[in-house]
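Here's the structure, in structure tokens; my notes come after.
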Amino acid sequence: MSSLPSFPALRPRRSFPRASAAGFTLLEILVVIAIMALLVGVAVSNIKGIFGNQQETVARMVVRESMKPALFSYKLDVGDYPSTAEGLQALLTAPSGKADRWRRKYIDSNTGKPPLDPWGREYQYAYPGTKNKDDYDLWSMGPDGISGTADDIGNWPPPAEGDAQK
């Protein structure tokens with residue numbers, strides 16, 4: 001009789017994953033957290049740079065574009081722009097002596113007051129203007145809150161290169 005070759009007993013092999021392959025190590029998690037904290041820190045420190053110029057853009061749009069139609073409509077109805085003393089409030093309530101020609105609110109306001117600039121201050125108004133001799137001056141005092149400084153944002157043309165700031 002022939003004998004069958006003998007094979008060692010087949011035992012099922014158990015395969016256990018190595019501990020290092022089971023997940024992330026504490027060191028790897030700490031490195032990821034440190035990188036995320038660094039990115040958040042850089043983003044937060046650049047927020048002013050990202051949004052800082054937008055305030056100036058908004059103020060420029062208000063003084064050069066948004067208020068122009070309201071003031072022009074007022075001029076058509078009443079006959080002239082509001083005086084410096086009447087200010088922008090004349091766009092919301094009829095000035096004394098002009099109620100018969102004043103037709104409506106020329107700007108929307110929930111507060112009953114003219115809009116504030118992006119820094120929370122009132123826009124400045126003068127008629128006749130000093131920078132626009134035949135028109136009105138409308139400006140924001142800018143970030144420093146002081147009228148007549150270089151950061152004022154107004155409806156007048158910017159100075160030509162080489163001109164001194166007036």
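None of the figures in this text is laboratory data; all of them are computed from the coordinates on show. All values derive from a computational prediction rather than experimental measurement. Note that we place each Cβ from the backbone using ideal geometry, even for glycine, and neighbour counts take in every protein chain shown.
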Discussion item. If packing is taken as the average count of other Cβ atoms within 10 Å, what order do 95-106, 114-125 fall into, highest mean first?
Written reply: 114-125, 95-106
Practice prompt. Using Cα pairs closer than 8 Å and at least 6 residues apart in sequence, work out the relative contact order for the stretch 92-145, in percent.
Written response: 23 percent
Discussion item. Could you derive backbone 3J(HN,Hα) for the stretch 128-145 from the dihedral phi with the Karplus parameters 6.51, -1.76 and 1.60 (θ = phi - 60°), listing whole Hz in sequence and x where the residue is Gly or Pro?
Written reply: x, x, 8, 8, 10, 4, 9, 9, 9, 9, 9, 8, 9, 6, x, x, 7, x
Response to the item:
Amide H contacts under 5 Å for GLU122, restricted to residues at least 5 apart in sequence or on another chain and with H modeled in the peptide plane, are ASP117
Worksheet item: Can you work out ³J(HN,Hα) from phi for every residue in the stretch 116-124, in order, using Karplus 6.51 cos²θ - 1.76 cosθ + 1.60 and θ = phi - 60°, giving whole Hz and x for Gly and Pro?
Response: 9, 6, x, 9, x, 10, 5, 5, 8
Item to complete: Please report, largest first and rounded to whole Å, the three semi-axes of the ellipsoid equivalent to the stretch 54-154, where each semi-axis is the square root of five times an eigenvalue of the C-alpha gyration tensor.
Response: 23, 15, 11
